[in-house]
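K.L.:
The structure under discussion is supplied below as structure tokens; questions concerning it will follow.
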Amino acid sequence: DGNFGFHYTPYNFDSNPEKDFFEQMLYALNQSPEDVEDIYFTGALTDPAKTDFYVEYKDDKGKWRRYTPDFVIRRKDGKTLIVEIKREHDRQHPVDGEEGRKALALRTWEDLNPDRLRYEMIFTPGDTVPYDRMTNARAFVRGEQP
């Protein structure tokens with residue numbers, strides 16, 4: 001019915017791939033909006049006073065840090081997909097990479113309730129997210145198994 005939540009404008013995308021992902025997801029939502037509660041761009045909310053959504057992780061010195069992933073997509077059935085968009089050159093990064101501290105902290109959340117929560121990192125080689133790397137997110141929006 002299109003009653004999505006409040007969204008502020010302008011969005012403060014810090015990368016073109018984030019903007020491209022968001023635009024592609026909006027297109028996917030137009031195909032099946034009845035299944036999705038909302039999509040949130042949370043990646044620009046780095047001020048702890050502006051969001052309660054973050055994951056804590058320890059840095060290499062043992063200090064607790066906050067990580068706010070880029071997107072949260074919540075379906076009406078209560079299932080949630082958390083998405084992080086990264087450049088391909090960050091794949092091996094010890095904090096931001098596929099096996100980095102942030103990802104490991106969020107995967108701990110995912111392990112607590114794997115039937116309702118999924119985390120996905122999408123690595124992109126350029127300013128757009130290739131269509132084939134959006135497969136899991138599009139499937140999630142449609143309620144399909146990736």
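The values are calculated or read from the model by the stated rules, or taken from the named source; none is laboratory data. Since the model is a prediction, treat every value here as computed from it, not as a measurement. Protein only, heavy atoms only, side chains kept; ligands, DNA and RNA dropped before computing areas. Shrake-Rupley method; radii C 1.70, N 1.55, O 1.52, S 1.80 Å.
K.L.:
5 Å is the cut-off here: which amide hydrogens, built 1.01 Å from N in the peptide plane, fall below it relative to Val36, excluding neighbours closer than 5 in sequence?
P.N.:
Amide H neighbours of Val36, under 5 Å, 5+ apart: Lys76.
K.L.:
Amide H neighbours of Tyr119 under 5 Å, counting only residues 5+ apart in sequence or on other chains, H built in-plane at 1.01 Å?
P.N.:
Those lying under 5 Å, H to H, from Tyr119 are Ile82.
K.L.:
Continuing with the same structure: Need one value: the accessible area of Asp111 in square angstrom, 1.4 angstrom probe, rounded to the nearest 10.
P.N.:
120
K.L.:
I'd like the Karplus ³J(HN,Hα) series for segment 97-108: coefficients 6.51, -1.76, 1.60, θ = phi - 60°, whole numbers in Hz, and an x wherever there's a Gly or Pro.
P.N.:
x, 4, 10, x, 4, 5, 4, 5, 5, 6, 5, 4
K.L.:
What list of ³J(HN,Hα) couplings, whole Hz, do you get for segment 117-134 from phi and the Karplus terms 6.51, -1.76, 1.60, once you set θ to phi - 60° and write x for glycine and proline?
P.N.:
Rounded to whole hertz, the list is 10, 10, 10, 9, 9, 10, 9, 10, x, x, 7, 10, 9, x, 3, 5, 8, 9.
K.L.:
In addition: If amide H atoms are built 1.01 Å from N in the plane of the peptide, which residues on other chains or at least 5 residues away come under 5 Å of the amide H of Val95?
P.N.:
Arg101
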